[in-house]
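One structure is given here, and the rest of the page talks about it.
The values are calculated or read from the model by the stated rules, or taken from the named source; none is laboratory data. These figures come from a predicted structure and were not determined experimentally. Cβ atoms come from the backbone with ideal geometry, glycine included; neighbour counts cover every protein chain shown. Side chains are part of the model used for accessible areas, which takes the heavy atoms of the whole protein and leaves out ligands, DNA and RNA. Shrake-Rupley method; radii C 1.70, N 1.55, O 1.52, S 1.80 Å.
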Amino acid sequence: MFINRCNELSFLEKRWKGGRAELIILYGRRRVGKTYLIRRFMKGKKGVYLFVSKLGQPLLDEFSNSIMEQLGLSFRPSIRTFRDLFLLLEKLTSDERLLVAIDEFQRMAEAEPSSLMELQRCWDEFLSKSRIMLVLMGSAVGVIERLGLSQASPIFGRRTGQIKLKPFDFSCSKEFFRRYKPEDKVRAYSVFGGVPAYLSMVDDSKSLMENISSLILDNKGPLYEEPYFLLSQETREPIRYMSILEAMSQGATKLGEIASKAGMSSSDLPRYLKVLEADLDLVERRYPLTERRRGRTRYHLKDNFIRFWFKFVRPHLTLLEMGEKGRVLEVVRMQIDEHASLTFEEVAMEHFSREVVRLGASRVGRWWSRDVELDGIAIDEVRGRAYFMEAKWTNKPLKRSVLNDLIRKASEFRWRIGSREEFYFIYSRSGFEFEEDNGIRLVDLNDLMKELGCPPPPKS
C-alpha cells in the first residue's frame, strides 16, 4: 500500500523529465520510507540502487556487483577508485538517462572520507554535464545535513534539490487502520505513530490489542526491541539515550527534570538532546508562542511509538521475558486512553493548524505560563485575531464549563489583550452538551475523521 508522498514523487518525476544532471539529497529518520519511495520512483526507469552496508566487504566491490546485476551487464565492471565509479556511471548515461540511488551514503563518507571530495571533482568535471540523476540517501538526519547541505560539505553548492522525508501525521497514518472505529484509529496512532515501517505491520482485520500483543509485547515480535536497535545503530551510547527517552516518557520536559530522572548532570544533557533532536529527529524543542527565549524551553518526544514503548514495554521487560505478555497487555488495556489523550491533542492540533492557517493565521503553536497551559494557539497579526484550542479525550459529552475554562485561560495570553478578536476551537471525543456560536467551533471525533483526509495515492 502506497500512502501519500505525492509531493515528493511529483518533485522527483519533474526533475527526471527535465533531462538535466541532478544531485538530490533524500534524507529522514530510520524506517521513514526513503527506500520504499525511491524504489517506487525507479519503476520503469533505467536505474541502480546502491546500498552502503556496515559489512566488511570492500565497498567498491559491492557497488561493482550491484551495477552488473541490476543493469544486466555481461561483464563485472572494474572499479578500483571512486573516480572509476563516477566515470562508469557517466559512461552509462551516454545512451539514456540513468538514475543512481546511494543509500546510507553517510557511511560511505565515514568509511572513505575522500569519496565526497572525489564526487565534488567528478561532478564539476563531467557528471554535471551528463544525464545522470544521482540521489544520495541517508537516515542520520543531522549527519546528512552536515555532509550534504552545510557550507562545510565538499558537495555544497552542487546539489540541485533535497527532500527531508518526515513521518506521517494522523491524516495519513489512519489510512493503515481503515477497518477501525474512530476511537481506535486515534489509539492506534498513539501506539504506532507515523513511521511507515511500523504502520505497515498493522493488520487492521485484527483488534488493536491483538496487534500490540503480537508486534510489540511478544518478545519475538518485530518491534519488541526496536528503540534499542535504533539507538544502537545510530549512537555510541545507546543506554544513556535510553535513560533520557525514558525520563521524557514519564513526563519530564524541562532540562533539570530530564537530567534528574535520567541520572545525569544538567551540563552533560544538552549534547545528548542535540543528537536526539537534530540527528535522530525523535525529540522536539518547544517554546511558548511569541516567547522564544532560554528558560522557557520544553522538550517533548515527537514519536508516539517511542512514547508507548517506554511507557508500557520498558517497565515490564522482566514480565515479558517470562512470557507474561497477557499481564502487560491488561495494563495497556486499562491505561491506553490515558496514553491516547496526549495523542488526541496532537490530532486536534493538526486540524486546528490547518483551519487557522486557512483563516489567515500567521503563527501557530502552543503557549504556557506558570499555572496555565493552552493545547493550541494561533495569531493573525494583520487582522489582530487570536485563536485558542482545547482538546478533551473523555467518554462523555463536554459541558459548557470547558469553554468557560478555555476563555479564562485565554485571558492570560497578553498579546493585544483588549483589542484582539478571539476565536475558540474545542475538540471532543464524545461530542458536546452545548452548541456552536459566533467565534466558537466545536469539532467531534467524526468531524475530525471527515476533515483530516490524506491526499490520494499517486497514479502508477
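Just one of (1) in a loop (DSSP other than H, G, I, E, B); (2) touching an Asp or Glu at 6+ places or on another chain (Cβ under 8 Å); (3) over 24 Å from Phe168 (Cβ atoms) fails for Arg414. It is (2). Which of the residues belonging to segment 414-441 are of a type outside the set (A, V, I, L, M) and either closer than 20 Å to Val357 by Cβ or touching a residue at least 40 places away in the same chain (Cβ under 8 Å) (or both)? Scanning segment 414-441 gives Trp415, Arg416, Arg420, Glu421, Glu422, Phe423, Tyr424, Phe425, Tyr427, Arg429, Gly439, Arg441. If you go through segment 67-97 and pick out every residue that is more than 37 Å from the chain's Cα centre (by Cα) and under 21 Å from Ala111 (Cα atoms), you end up with 2.
Scanning segment 300-315 for residues that are in a helix (DSSP H, G or I) and open to solvent by less than 40 Å² (accessible area, probe 1.4 Å) turns up Asn304, Phe305, Ile306, Arg307, Phe308, Trp309, Phe310, Phe312, Val313. Quick check on Glu346: is it assigned to a helix (DSSP H, G or I) and in contact (Cβ under 8 Å) with a residue 40 or more places away in the chain? Spelling it out, Glu346 is indeed assigned to a helix (DSSP H, G or I) and in contact (Cβ under 8 Å) with a residue 40 or more places away in the chain. Summed over segment 118-134, the residues that are of a type in the set (Gly, Ala, Ser) and either open to solvent by 30 Å² or more (accessible area, probe 1.4 Å) or assigned to a helix (DSSP H, G or I) (or both) give a count of 1. Every condition in (1) under 29 Å from the mean Cα position of the chain (by Cα); (2) more than 21 Å from Leu342 (Cβ to Cβ); (3) without any contact (Cβ under 8 Å) to a residue 24 or more places away in the chain is met by Asp444 except one, and the failing one is (2).
This table checks each residue for (1) open to solvent by 80 Å² or more (accessible area, probe 1.4 Å); (2) modelled with pLDDT under 95; (3) among the polar types (S, T, N, Q).
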| residue | (1), (2), (3) |
| --- | --- |
| Gly360 | no, no, no |
| Trp367 | no, no, no |
| Asp371 | yes, yes, no |
| Gly376 | no, no, no |
| Asp405 | no, no, no |
| Arg408 | yes, no, no |
| Gly431 | no, no, no |
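Looking across segment 381-405, the residues that are free of Cβ contacts under 8 Å to residues at least 24 places away in the same chain and of a type outside the set (D, E, K, R) come down to Val382, Ser401, Asn404. Pairing each residue of segment 175-192 that is within 15 Å of Glu338 (Cα to Cα) with any residue that is open to solvent by 20 Å² or more (accessible area, probe 1.4 Å) and of a type outside the set (Lys, Arg), provided the two are 6+ apart or on different chains, yields no C-beta distance under 6 Å. Exactly one residue among Leu165, Leu149 is open to solvent by 20 Å² or more (accessible area, probe 1.4 Å) and closer than 23 Å to Thr235 by Cβ, and that residue is Leu149. Among helices (runs of 4 or more DSSP H) entirely within segment 169-244, having at least 3 residues that are touching a His at 6+ places or on another chain (Cβ under 9 Å) singles out 182-192.
For segment 212-236, filtered to residues that are modelled with pLDDT of 95 or more, charged (D, E, K, R) and more than 14 Å from Phe308 (Cα to Cα), the residue that is surrounded by the most Cβ atoms within 10 Å (Cβ to Cβ) is Asp218.
Inside segment 362-388, residues that are assigned to a loop (DSSP other than H, G, I, E, B) and not hydroxyl-bearing (Ser, Thr, Tyr) make up a count of 7. If I filter segment 245-299 down to residues being among the aromatic types (Phe, Trp, Tyr) and closer than 30 Å to Glu381 by Cβ, which single residue comes out as surrounded by the most Cβ atoms within 10 Å (Cβ to Cβ)? If we take residues in segment 245-299 being among the aromatic types (Phe, Trp, Tyr) and closer than 30 Å to Glu381 by Cβ, then Tyr299 is surrounded by the most Cβ atoms within 10 Å (Cβ to Cβ). The C-beta contact set for segment 85-102 (first residue touching a residue at least 24 places away in the same chain (Cβ under 8 Å), second residue of a type in the set (Ser, Thr, Tyr) and not in a loop (DSSP other than H, G, I, E, B), distance under 9 angstrom, 6+ apart or interchain) comprises Leu85/Ser64; Leu85/Ser115; Leu99/Tyr49; Val100/Tyr49; Ala101/Thr35; Ala101/Tyr49; Ile102/Tyr49.
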